Structure formats: C-alpha cells, structure tokens
Amino acid sequence: PASAAMAGLKIVAVATDAQGNISIPELKRQVEAHSKNLAALMVTYPSTHGVYEDDIDEICRIVHQNGGQVYMDGANMNAQVGLTSPGHIGADVCHLNLHKTFCIPHGGGGPGVGPIGVRKHLAPFLPSHPVVKPSETGATYMLDEKNKDSSKPLSQPFGTASAAPYGSALILPISFAYISMMGSAGLEKASKLAILKANYMAARLASHYKVLFRGPQGTCAHEFILDLRGMKETSGIEPEDVAKRLMDFGIHAPTMSWPVPGTLMIEPTESESKAELDRFCEAMIKIRQEIRDIEEGKAEKSGNILKLAPHTASVVAGNEWDRKYSREEAAFPTEWVRAAKFWPTVSRIDNVFGDRNLVVTRSD
C-alpha cells in the first residue's frame with residue numbers, strides 16, 4: 001500500500017471473512033464500484049493470516065474482468081515453491097522476495113530484495129537502464145505482433161528503477177547458490193517442510209492458545225497466528241510481555257501484533273529442527289501456565305514474572321531481590337535453559353519512548 005500511495009494511487013481496503021479469507025462479495029462490490037479506474041489488487045498468497053485462499057483463482061478472475069491487474073506479494077513463497085506458482089494462480093506481477101524462501105535473512109531492516117516477475121503483456125513496461133540496453137537484459141525487448149519479422153522493440157519503460165540493473169551483487173549469488181544446490185526436488189521438499197512444521201506447532205499449542213485462522217481442513221499454511229487478545233482482560237498480559245519473557249528462554253520472539261493487533265504470528269520455516277520447534281512450544285506452554293497463575297490469583301497482575309521480564313544476569317545475581325517469584329524461576333524456567341543459558345543484556349525498557357525520542361551518547 002505504501003508503494004501504491006507513493007505512485008499516486010488511491011488505496012481501498014477489502015474486508016476479510018471470519019476465517020481470514022478475502023470476502024468475495026466485498027471484493028466484487030469494490031472492484032465494480034471502481035472498475036473505471038481500477039489499477040490492481042495487491043494480494044499475498046498464502047495470506048498473511050496463514051491460510052491458503054481457496055478462492056484465489058476466483059479473486060484473480062474478478063479483478064481481471066473489471067479491468068484490473070493482480071499484484072502478488074511473494075513474501076510467502078516458501079509455501080509455494082515446487083507446489084504452485086504466482087503465474088499459475090493468476091497473478092500479473094509478483095515481487096519475488098528472496099528472504100526466507102531463498103536463503104536471505106529476514107528482518108533487522110532488510111534486505112527486502114528480489115526480482116519482479118511480470119506476464120508477457122506487461123514486459124514492455126519494465127524499467128530501462130542508461131548503461132545496460134534493454135535488449136541485453138532480455139526484459140523489455142519484444143517483437144511487434146503485427147509484423148513478426150520486425151525486430152523493432154516495443155519497449156515503453158518508465159525509466160530507471162535501480163542503479164544496478166541486476167540487483168545486489170552481494171546478495172543474489174547466495175540465492176543462486178542455494179537454488180543450485182537444493183535443486184527442484186530440494187526446493188519442493190523445503191516448502192513441504194515449512195508447511196508441516198507450522199502445522200505441527202499449531203497442533204501442539206492449540207490446547208493452550210487460540211489459533212486465530214485455519215483453512216477448511218483445519219490446517220494452516222507455513223505460518224499461523226496465536227490470539228492473545230483475551231488475556232489482557234483476564235491477566236493484564238499483552239503480546240509484548242510474552243515476547244520479553246521468551247528472552248529468558250533464549251528465544252527471539254515471533255512477529256508481534258501483526259497482521260492482527262494483540263497476536264503473535266509464528267513462522268518456523270523449513271530450517272528449524274524438531275528439537276528447536278519443541279523448545280519453542282515448551283516455552284510457550286510454560287508461559288501460558290504463568291499467565292494462568294495470574295488469572296487464578298496465584299500471581300499478581302503487576303510485578304509478575306512476565307511484566308518484569310527479561311531478567312538479566314546482573315539482576316538475578318544482585319544482592320537485592322524483592323520479587324514474589326524466585327531467581328531460579330526467572331532465569332531458568334526449564335532444564336534445557338539451564339544447560340545452555342543465553343542472558344539478555346538489558347531488562348525491560350520503554351520501547352515507545354525510545355522510538356519517539358532520539359537519545360545521543362558521547363564517549364570521551
């Protein structure tokens with residue numbers, strides 16, 4: 001949406017149904033209302049809600065019938081590779097993110113890099129370059145359909161999009177090597193494992209937390225969402241508290257409060273071992289018991305083990321300890337944490353204040 005807004009387009013949101021799917025009646029109403037100036041639908045597949053849209057082909061057909069294009073966000077390609085493809089589904093454009101799916105790290109500010117694939121009818125409008133000719137890139141050089149013997153290009157590029165026409169020379173070789181070594185069978189297996197592992201974790205945690213969205217068969221895609229919204233009223237605990245407590249287990253928290261506020265979105269990918277998946281699940285189950293203690297009045301709503309997490313070595317080893325729980329509970333919630341403890345470097349901070357206020361320090 002941000003890119004569309006920068007391009008001068010008007011953004012119209014389309015509602016989802018109770019299962020997290022795009023509402024077909026709402027989509028029809030919106031595209032018909034804007035059919036005279038409909039540019040495109042942006043869709044993620046599988047959806048960011050962690051489900052495969054059963055009606056994705058119908059969604060693409062509706063948009064196309066009303067004169068629009070379908071732009072697919074390729075962020076979730078590790079649930080597609082070897083199993084389906086954006087073109088097969090019906091997309092006209094796809095930003096094929098290399099992070100996660102093709103061995104590039106995700107998070108920490110980037111890199112959100114990757115090629116943009118288009119259908120043949122959009123190829124003439126791909127960007128040009130002042131140094132590398134379009135014909136050399138093989139992207140925007142097309143024959144005139146009315147005169148198949150003509151070699152005159154029909155390119156209508158909008159200009160230069162990147163100083164490096166082939167992308168990052170540091171990042172792309174990593175993905176190329178990964179794809180080459182994995183092969184088609186290996187890439188397909190990776191997709192299947194990503195889906196399998198997400199469903200395994202969702203099944204283990206379903207009796208402790210509410211899994212927000214599932215497909216018609218009760219399964220998810222390569223990610224799933226845990227709904228923590230009801231816990232704020234019963235215990236005062238919010239997703240941030242769970243995220244901070246996970247640090248005491250040596251675990252980096254999953255995506256917090258996105259795409260749904262008050263939730264955690266968990267995406268294990270194909271690369272985590274079953275032992276690591278089990279450690280995460282055991283940590284979440286242990287945290288759920290700590291929340292239950294608050295709900296049952298066994299722990300206070302303020303000053304509890306989650307609200308004061310994470311616990312640093314200096315705090316746990318300090319001379320003073322005025323908390324209602326033990327140092328051992330704070331620092332070593334499970335036996336496997338004791339065997340390989342990773343200590344957080346700082347205790348709870350005011351995240352919002354830090355985001356809104358620049359604090360400059362100087363070392364003499």
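Descriptive notes on the structure:
- Taking first residues from region 56-85 that are in contact (Cβ under 8 Å) with a residue 40 or more places away in the chain and partners that are surrounded by fewer than 16 Cβ atoms within 10 Å (Cβ to Cβ) and of a type in the set (D, E, K, R), the Cβ contacts under 6 Å between residues at least 6 apart in sequence or on separate chains come to Gly82/Glu188.
- Residues that are buried (at least 18 other Cβ atoms within 10 Å of the Cβ) and assigned to a loop (DSSP other than H, G, I, E, B), drawn from region 283-311: Ala299, Asn304, Ile305, Leu306, Lys307, Leu308, Ala309, Pro310, His311
- Residues within region 48-65 that are buried (at least 17 other Cβ atoms within 10 Å of the Cβ) and charged (D, E, K, R), tallied: 1
- The residues of region 312-324 that are in a loop (DSSP other than H, G, I, E, B) and surrounded by 15 or more Cβ atoms within 10 Å (Cβ to Cβ), listed by number, are Thr312, Arg323.
- If the condition is being without any contact (Cβ under 8 Å) to a residue 12 or more places away in the chain and either in contact with a strand residue (DSSP E or B) (Cβ under 9 Å, 6 or more places away or on another chain) or open to solvent by 60 Å² or more (accessible area, probe 1.4 Å) (or both), then region 330-345 contributes Glu335, Arg338, Ala339.
- Unique match (being surrounded by 22 or more Cβ atoms within 10 Å (Cβ to Cβ) and among the small types (Gly, Ala, Ser)) among Gly68, Gly82, Gly114, Gly87: Gly114
- Screening Ser184 on (1) in contact with a Leu (Cβ under 7 Å, 6 or more places away or on another chain); (2) among the hydroxyl-bearing types (Ser, Thr, Tyr); (3) closer than 24 Å to Ile116 by Cα; (4) modelled with pLDDT of 95 or more shows it passes everything except condition (1).
- Residue check: Lys232 meets all listed conditions (1) touching an Asp or Glu at 6+ places or on another chain (Cβ under 7 Å); (2) part of a helix (DSSP H, G or I); (3) farther than 22 Å from Ile305 by Cβ but one, namely (3).
- Tally of residues being β-branched (Val, Ile, Thr) and more than 15 Å from Ala190 (Cα to Cα) across region 77-102: 2
- Ala194 being open to solvent by less than 10 Å² (accessible area, probe 1.4 Å), in a helix (DSSP H, G or I), touching a Ser or Thr at 6+ places or on another chain (Cβ under 7 Å) and more than 30 Å from Val346 (Cα to Cα): yes
- Options Ala123, Ala163; residue that is open to solvent by 70 Å² or more (accessible area, probe 1.4 Å), modelled with pLDDT of 55 or more and either of a type outside the set (S, T, N, Q) or part of a loop (DSSP other than H, G, I, E, B) (or both): Ala163
- Tabulated pairs, region 9-34, first more than 29 Å from Thr219 (Cα to Cα), second part of a loop (DSSP other than H, G, I, E, B) and open to solvent by 80 Å² or more (accessible area, probe 1.4 Å), C-beta under 8 angstrom, 6+ apart or interchain: Ile11/Pro1
- Matching residues, region 23-47, being within 23 Å of Asn97 (Cα to Cα) and open to solvent by 30 Å² or more (accessible area, probe 1.4 Å): Ala39, Ala40, Met42
- Answer residue from region 1-22, given it is polar (S, T, N, Q) and open to solvent by 50 Å² or more (accessible area, probe 1.4 Å) and is farthest from Val118 (Cα to Cα) among those: Gln19
- Just one of the listed residues (Arg327, Arg348) is basic (Lys, Arg), surrounded by 14 or more Cβ atoms within 10 Å (Cβ to Cβ) and over 18 Å from Glu240 (Cβ atoms), and it is Arg327.
- The lone exception for Phe176 - which of (1) in contact with a helix residue (DSSP H, G or I) (Cβ under 8 Å, 6 or more places away or on another chain); (2) aromatic (Phe, Trp, Tyr); (3) without any contact (Cβ under 8 Å) to a residue 24 or more places away in the chain it fails: (1)
- Considering region 174-224, and only residues there that are of a type in the set (Ser, Thr, Tyr) and touching a strand residue (DSSP E or B) at 6+ places or on another chain (Cβ under 7 Å), the residue that is nearest to Glu272 (Cα to Cα) turns out to be Ser175.
- Output for region 273-282, where each listed residue is surrounded by 16 or more Cβ atoms within 10 Å (Cβ to Cβ) and either outside any helix (DSSP H, G or I) or basic (Lys, Arg) (or both): Arg279
- Arg214 being crowded, with 18+ Cβ neighbours inside 10 Å, farther than 30 Å from Phe125 by Cα and among the basic types (Lys, Arg): yes
The values are calculated or read from the model by the stated rules, or taken from the named source; none is laboratory data. Since the model is a prediction, treat every value here as computed from it, not as a measurement. Backbone-built Cβ (ideal geometry, glycine too); neighbour counts: all protein chains shown. Keep in mind that these areas ignore ligands, DNA and RNA; they rest on the heavy atoms of the full protein, side chains included. Shrake-Rupley method; radii C 1.70, N 1.55, O 1.52, S 1.80 Å.
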